[in-house]
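Note sheet for the following structure.
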Amino acid sequence: MPESHLPVSSYLSVPVLACNGTIHGALIFGHEDVGVFTERSEGIVTAIAAQAAAAIDNAALFEASQREIADRQKAEAHQKLLIQELNHRVKNMLATVQSIARRTLRGRAEEAAMRSFQERLHALSHSHSLIMRQNWQAVDLKDLAHTALAPFLGEAKGEARARLDGPPVCLEPKVALALGMGFHELVANAARHGALRGDTGYIDLCWRTMEDGTLHISWTEKDGPPVEAFDASGFGSYLLRYGLAHELGGDVQMRADRSGVSWDIFVPEHGQLQ
C-alpha cells in the first residue's frame, strides 16, 4: 500500500449496472483483515447495487419524462396560440364579408334579406368557434345541436321549446360545419313558419346510429300552428335539401303536413369519428 493509504487486506467491488448494460459506477469495500468478505457479503452487496441501479435509472427516466412533458406543454401552448390567431383571422374575414355585403346590397335588397345573410354568417362563425375549441379534430353532435338551439332549451328563464336526445357522436369538422349551418336554417324556418312561430310548439331533435353505421338525425316540429303551406323553393330549404346533402355526402328528406314539418338527415359512417 502507498504511504498514508488505509490498510486493505480484504477487497470487494460490485458494479452498478444500468438496464442497458452501461456502468453507473461501483460499490467498493475494503477491510484491513483477511477473509472478511464472503459469498453472502457479495450477494448482499450485489442486491444493493441492483437497487441503486434501479433508483438511478428511475431518476433518469423521471427527468426525461419531465423534459418531454415540458416540451409537449410548450408545443401545445404554441398550437393553442396559433389556433386562437386563426380563429381571430377567420372571424375578421367573416366580418369583412359582412361589411362588403352590406355595402354591396345597400339599396338593392330588403332589410330582412340582409338580416338573414348576417344570421347565416353568425351561425357559420358559431360552428367554426366550436370546432376551434376542439382543436379542429372532432365535434360532439350534442354540443353542435346545443349551440344552435340554446335559446329554446329552457336553460334560461322560460319553458323549453326544444328537446335533444341521442348518444355521443363525434363528427368530422367539415360535417360539423355543414350541420351547424343546417341546424341554423331549421331553427330559422321553425321560427318563421313552423313550430316556434306560436307559443306552444316545440322541436324534437333525435339521432341514432343505424346498423350500417349511417347516422340518422331526425328533426320533428310538433304542436305548432297548422302548416297551411310550405315553400320548399326558398334558399333555406334549398340549402338543406341539396347543399347540406352534398356537404355531408348523404341524404336529406323533408315531410310537411298540417301537423308540422319533419326533416330526416342521413350522415354516412365516414363523416363520423370513433
Which net charge results when you count Lys and Arg as +1 and Asp and Glu as -1 among the other residues whose beta-carbon is under 13 Å from that of residue 145?
-2
Please report, largest first and rounded to whole Å, the three semi-axes of the ellipsoid equivalent to the range 173-218, where each semi-axis is the square root of five times an eigenvalue of the C-alpha gyration tensor.
25, 15, 6
The farthest towards the positive end of the charge dipole of the range 163-206, of the residues 188, 169, 201, given +1 on Cβ of Lys and Arg and -1 on Cβ of Asp and Glu, is 188
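Can you tell me the FRET efficiency between residue 258 and residue 165 if r is taken as the Cβ-Cβ distance and R0 is 25 Å, rounded to the nearest 0.05?
Numbers: r = 25 Å, r/R0 = 0.99.
Step by step, r from the Cβ atoms, then E = 0.50.
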If you average the alpha carbon positions of the range 1-76 and of the range 156-194, how far apart do those two centres end up, in angstrom?
65 Å
Summing +1 per Lys or Arg and -1 per Asp or Glu among the other residues with Cβ less than 11 Å from residue 65's Cβ gives -1
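Laboratory data are not the source of any read-out in this text; all were calculated from the coordinates shown. All figures in this text were calculated on a predicted structure; none of them were measured in a lab. When we count neighbours, we look across all protein chains shown, and the Cβ atoms used for this are built from the backbone with ideal geometry, even at glycine.
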